[in-house]
Structure formats: C-alpha cells, structure tokens
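A quick write-up on the structure given underneath.
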Amino acid sequence: MKWEGGKLIDLIEELASRYDRRIKEELLTGEDNLNKGYLIFVDGSRATDLFIPLQDEADVTVLTPIPGG
C-alpha cells in the first residue's frame, strides 16, 4: 500500500479507515496500546510503541502468534 510516512498509530488508523475498522480494534487494546496477541515488525525490528516513526517505504509486518509446539 502506498502511504506517506508518519507514526505506527497513523498507519493503523489509515488501514482501519481504508479497509475495516476492526483492524484497529484487533491490533490495539482499549487503552490504545499494542495488543500483545499480535507481533508487529517495522523494518525487521519488533514494534513495542505505537508512536515510533515510520520512514517512507517502511516494511511493516503483522503476525499472529501460532499456538502449539
């Protein structure tokens, strides 16, 4: 998706507005913190803060943990 840079929270809000508001509900807790049930990586490093800046062309990956062993 082509997107102008900003913060991770801005990208999540943009995705929710473009595609489905449930994206934001899933990725964030009620207090606007990252839901620990998802792993979000920005340019290969795990994101722990919604307010980290994203550079243009940043690679953002969202993974759901897979239970089992």
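Of all residues in region 7-43, those being surrounded by 14 or more Cβ atoms within 10 Å (Cβ to Cβ) and either more than 12 Å from the chain's Cα centre (by Cα) or part of a helix (DSSP H, G or I) (or both) number 13.
Summed over region 22-32, residues that are at pLDDT 90 or above and over 22 Å from Pro67 (Cα atoms) total 2.
The values are calculated or read from the model by the stated rules, or taken from the named source; none is laboratory data. Everything quoted here is computed from the prediction, not taken from an experiment. Cβ sites come from the backbone with ideal geometry, for glycine too, and all protein chains shown count toward neighbours.
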